[in-house]
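Everything below concerns the one structure shown next.
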């Protein structure tokens, strides 16, 4: 049945109904095995290369519409129900479900890498396996070395316009050995001009090799995900496959293997994979390739009519001649529909970036509440060191700080300009002193971030002096009535915004804050003897109301500022003056002679 259905499709019955019948016969089983991919380059952070701005040739086809294998998968399911449990590796199934170990590893590794950088594409590794099957029979049955490079070059025919695209040589024969025309190269059959744009170094050996299954699988995944495609959508999936080879039969064949592999696979040793037969360029009797873009006939051609001989007649009777049917009027052949060329996919700018490089050279320093003289700046570069434009770089402030960009924001996104440079917006310091960092990353990528260290220092004043005023004296329980104002300067210039600390101590030699005596009040009205005040735009500072307290004595207000400026203001608290009691006037007598005071001597006690 499988071979019969394969023959039907190879003869041209590639309609959706036939393919649907083939797919419907594939009973569902368990999910394919999953083996952990190698850890090197797991993030897929490989740039595309210096030629990324060029459009792929081949009129939007990755392969130049090269020939491909047309054999379809068998109708039986890859893994019979009950053969394995979902928790165990898949070890049984038809030979067609076996994928060579290195080839399967490359497909799964490419899926994980692209899902980390472009999760919206939803690339399944089984799609890469389906394309690899029809393009090269899974790298010629997995005939690759330990690094994943094919033991023998896999080359398509010369793309000379006879049945395929007409593509003159673009690589000087470097990949395909042909200096006249391009040929599809490697297990995923990239033409050199397309590889120049999408080539990858997925196995980290320092080169982009279309003959390496890891490099080729990664490049194929990126190519299929181009133009923002979401392969979970049927329309985007079809467009992606047709961009690889512009043939409806090719689309149906790849989809058949894709769905077959989704129902289960198992690994086989490298070099033991089943090689498919029947290529799309080997159908015609004269063995000339058939263009995959031409439609197949849907009905047999009309047979020519056969002339009828006259019947013999009896003597004397006229012969009866059966009239010959008229020949059919020739009809003008219908021109086959021409599939419009697929728009070449565009490479997202972020995919091209291999690394960010710092450009800023000056130190990021500023005093409180001022703008930094320099802004964090980075360059977006591809693998060759060339600038990449159109990339979005995000700058984020981190750390315990109140530094900010415009509007108080702690993050900002900047699009890289034509020179490949992204410069952060103006960075402003807040009131807090200390250090913090600004991190730069590429939006949509997991490249290593670039960090810039920044420092905020306090505004300084090397001199503090009291503006002329009276000595500060007050009695206990009252308020000092004299105004206290000071001026801050730094190197002879007025110093605005300087934080000045005022502390009340018991004497000029004391170092600790006084426990009694004069005091200020905080916002809640509680006594405080330490304040931090800021000089105004004129470099002046005025002390708030100062209360004398209830303990007389000599005190000092000690004022200091960053930068060394300091001064002291003496405070005198006096006790209130005592008021003498009034002396009473003597009582006058009638004669003018003072009255005799009663005797203070007690009378004698009565006799016992």
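Read-outs: derived from the displayed coordinates by stated rules, not from any lab. Quick caveat, the model's predicted, so the values are computed rather than measured. So basically every Cβ, Gly included, is an ideal-geometry build from the backbone, and we count neighbours across all protein chains shown.
Points worth noting:
- Counting neighbouring Cβ atoms within 10 Å and putting the fewest first, the residues 257, 125 line up as 257, 125.
- Burial ordering of 254, 347, 456, fewest other beta-carbon atoms within 10 Å first: 347, 456, 254
- Label separation (residue 462 vs residue 238): 8.0 nm, computed from points 7 Å beyond Cα along the C-beta direction.
- Taking a ≥ b ≥ c as the square roots of the eigenvalues of the Cα gyration tensor, the range 141-278 is rounded, since a/c falls below 1.5.
- The range 350-457: C-alpha gyration tensor shape, a/c 1.5 cut-off, then a/b vs b/c: prolate
- Model label sites at residue 577 and residue 528, defined 7 Å from Cα along the beta-carbon direction, differ in position by 3.7 nm.
- Looking at the range 350-457 alone, DSSP beta bridges between its own residues are antiparallel in about 90 percent of cases.
- Compared with the direct C-alpha span, the chain from residue 398 to residue 152 gains 83.3 nm at full extension, assuming 0.36 nm per residue.
- Its Kirkwood hydrodynamic radius, worked out from the mean inverse distance over all distinct Cα pairs, puts the range 463-547 at 14.0 Å.
- Centre-to-centre, using Cα atoms only, the range 432-501 and the range 181-216 are separated by 61 Å.
- Taking 0.36 nm per residue of separation and subtracting the current Cα-Cα distance, fully stretching the chain between residue 538 and residue 207 would add 112.7 nm.
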